[in-house]
Amino acid sequence: MQLLDGKKISEEVLNEIAEEVKSIKDRGGKVPHLAAIIVGSDGASITYVNNKVKSCERVGFTSTHIELPATTSEEALLAKIQEINNNPDIDGLIVQMPLPAHISADKVVQSIDPAKDVDGFHPANVGRLALGLPTYVSATPHGVTQLLKRYQLPTEGKHCVVLGRSNIVGSPMSILMSKNTYPGNSTVTICHSKTKNLAEITRQADILIVAIGKAEFVGADMVKEGAVVIDVGIHRLEDPSKKSGFRLKGDVKFDEVSAKASYLTPVPGGVGLMTICSLLENTLKAAKKEIYP
Ligand code: NAP
């Protein structure tokens with residue numbers, strides 16, 4: 001089994017972005033600027049946003065980190081988003097999910113200017129993805145395709161099984177893998193909680209992309225010998241022996257599946273790091289007005 005090393009590939013991508021930002025600066029161009037809003041103080045969300053902001057600094061972007069209390073009203077959040085939509089200096093805006101229960105995530109996503117929606121969650125950008133038009137591909141599925149591409153793994157004509165149909169991972173992932181592009185041109189099967197005989201289907205996968213949000217759900221019995229397995233899941237499991245108090249696990253039983261897969265992503269060090277890269281790539285595109293000229 002060969003690791004699909006998100007750490008190594010994300011370093012390569014970050015270096016490439018940093019080089020481009022340097023040349024933009026040298027030419028006197030506009031430095032990309034990402035704004036991130038977080039509402040409340042969920043531990044995992046804070047870590048994710050801090051990592052995103054740190055990565056912005058690493059590649060030379062400007063970043064604005066806006067922390068709002070969990071009691072922020074929906075109206076106040078929408079007003080903040082509007083303010084950022086109207087700020088010509090800010091190229092990209094992300095609002096960290098999940099939001100407190102009294103705020104509608106749909107309303108929030110739809111209030112972001114599609115031209116600044118670097119998470120690629122706005123219906124306009126999802127529609128463009130479905131139609132094969134230039135768009136901000138949502139960061140996690142894009143990160144997965146970049147891993148496949150950088151390892152030059154063949155996808156054409158392969159049976160790709162996507163486990164999970166969420167709007168942010170499974171659904172866009174299945175669209176991307178079915179498109180007439182590389183990576184893509186796969187025959188795609190989407191599985192979800194109502195799928196019957198799940199293991200029978202996942203065992204047919206040449207490429208198995210797992211995003212079901214259940215720690216270590218996929219074992220060796222669900223994987224075909226030689227399959228490429230991408231584990232999107234991230235779970236913080238309590239572990240008092242660790243300094244942080246937790247350890248990270250994926251949706252796949254790494255030890256079991258590594259004995260069967262030809263390629264496998266580790267958790268941590270796999271898809272998560274690629275997700276941040278994709279967000280930065282989208283922000284660079286936004287600053288260059290590549291998608292919405
Ligand atoms: P989600 O919204 O909870 O979606 C889970 C999907 O899995 C749903 O489509 C659900 O089916 C399906 N499912 C749940 N239990 C199942 C079962 N027993 N059998 C078959 N299908 C089942 O999760 P998500 O947001 O897509 O995230 C998935 C995982 O990826 C999570 O662990 C999350 O933390 C992680 N994640 C990682 C990154 C990253 O950067 N690496 C980014 C985003 C998410 P139904 O539709 O029928 O309910």
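The values are calculated or read from the model by the stated rules, or taken from the named source; none is laboratory data. The shown structure was predicted, so the numbers you read here are calculated from the model rather than taken from an experiment. FYI the Cβ positions are ideal-geometry reconstructions off the backbone, even for glycines, and counts take in every protein chain you see. Accessible surface areas use protein heavy atoms only, side chains included; no ligands, DNA or RNA. Shrake-Rupley method; radii C 1.70, N 1.55, O 1.52, S 1.80 Å.
In region 85-111, the residues that are touching a residue at least 60 places away in the same chain (Cβ under 8 Å) reach residues that are open to solvent by 30 Å² or more (accessible area, probe 1.4 Å) and part of a loop (DSSP other than H, G, I, E, B) with C-beta atoms within less than 6 angstrom, at least six apart or across chains, in these pairs: PRO100/ALA70. Just one of the listed residues (SER73, SER45, SER63) is touching a Cys at 6+ places or on another chain (Cβ under 6 Å) and over 30 Å from SER178 (Cβ atoms), and it is SER63. Against the definition (more than 11 Å from the ligand (Cβ to nearest atom), under 21 Å from VAL223 (Cβ atoms) and not charged (D, E, K, R)), how does HIS159 come out, yes or no? So HIS159 fits the description; yes.
When the test is whether a residue is more than 10 Å from the ligand (Cβ to nearest atom), open to solvent by less than 10 Å² (accessible area, probe 1.4 Å) and touching a helix residue (DSSP H, G or I) at 6+ places or on another chain (Cβ under 6 Å), VAL252 does not pass it. A count restricted to region 18-47 and to residues that are outside any helix (DSSP H, G or I) and touching a strand residue (DSSP E or B) at 6+ places or on another chain (Cβ under 9 Å) stands at 11. In this structure, is LYS179 surrounded by fewer than 23 Cβ atoms within 10 Å (Cβ to Cβ) and out of contact with any strand residue (DSSP E or B) (no Cβ under 7 Å at 6 or more places or on another chain)? Yes: the conditions hold for LYS179.
Residue-by-condition table, conditions (1) within 14 Å of the ligand (Cβ to nearest atom); (2) open to solvent by less than 10 Å² (accessible area, probe 1.4 Å); (3) not in a strand (DSSP E or B):
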site: LYS243; (1), (2), (3): no, no, yes
site: LYS260; (1), (2), (3): no, no, yes
site: VAL267; (1), (2), (3): yes, no, yes
site: GLY272; (1), (2), (3): yes, no, yes
site: CYS277; (1), (2), (3): yes, yes, yes
site: THR283; (1), (2), (3): no, yes, yes
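Cβ-Cβ under 6 Å, sequence separation 6+ or interchain: first residue in region 219-248 and at pLDDT 95 or above, partner more than 12 Å from the ligand (Cβ to nearest atom) and of a type in the set (Lys, Arg). Which pairs? Qualifying pairs under 6 Å: GLY219/LYS253; ALA220/LYS260; VAL223/LYS260; LYS224/ARG203; GLU225/LYS260. Answer with yes or no whether VAL218 is open to solvent by 10 Å² or more (accessible area, probe 1.4 Å) and among the hydrophobic types (A, V, I, L, M, F, W, C). The answer is no for VAL218. Taking the criterion of being within 16 Å of the ligand (Cβ to nearest atom) and in contact (Cβ under 8 Å) with a residue 40 or more places away in the chain, the residues of region 174-195 that qualify are ILE175, LEU176. Candidates are the residues of region 81-121 that are of a type in the set (D, E, K, R) and touching a helix residue (DSSP H, G or I) at 6+ places or on another chain (Cβ under 8 Å); the one that is most open to solvent (accessible area, probe 1.4 Å) is LYS107.
Annotation note: of ILE201, ILE209, the sole residue that is in a strand (DSSP E or B), within 13 Å of the ligand (Cβ to nearest atom) and open to solvent by less than 60 Å² (accessible area, probe 1.4 Å) is ILE209. The single condition among (1) surrounded by fewer than 16 Cβ atoms within 10 Å (Cβ to Cβ); (2) within 30 Å of PRO293 (Cα to Cα); (3) not small (Gly, Ala, Ser) that LYS194 does not meet is (2). Of the residues making up region 82-96, not a single one is among the aliphatic types (A, V, I, L, M), more than 18 Å from PRO32 (Cα to Cα) and within 23 Å of the chain's Cα centre (by Cα).
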